[in-house]
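Only the coordinates and a few stated rules stand behind these numbers; no lab work does. Everything quoted here is computed from the prediction, not taken from an experiment. Note that we place each Cβ from the backbone using ideal geometry, even for glycine, and neighbour counts take in every protein chain shown.
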Amino acid sequence: LKSNVPPSETESKRFRELIRASEAKYQSIATEVQALSEHRQAIQDQIEAFKNVVSPARRLPPETVTHIFRLCFEFKDDIYPNPRSAPLLLTQICSGWRQVALQTPDLWK
């Protein structure tokens, strides 16, 4: 490998076989890495879902959530509601927040 002497035909054939075998092994490892990466992401998504279930925000009483929502709008004076901003965005987070937002008339003035 470290010589500039050209390989014999037999050596060339052997190196081509080694190249094919190495490329096949490389592809196999790349496929395994991809599968592991996807599995890792699925586990990470599951961890996040579990964390959301035990999130302290889920235990906030509706009155507290309403108060927080109102604080978000204290200085808001948009004429046209944007579906990607509050209050419309708040209705899309979860059913609990949707219910609180829809039952809070101050948000829709």
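Miscellaneous remarks
- Quotient of C-alpha Rg and 2.2 N^0.38 Å, computed over the stretch 1-54: 2.17
- Ile68-Arg40 FRET efficiency (beta carbon distance; Förster radius 35 Å; 0.05 resolution): 0.55
- For the chain, the tally of Lys pairs with Cα-Cα distances below 27 Å comes to 4, considering only residues 8 or more apart or on different chains.
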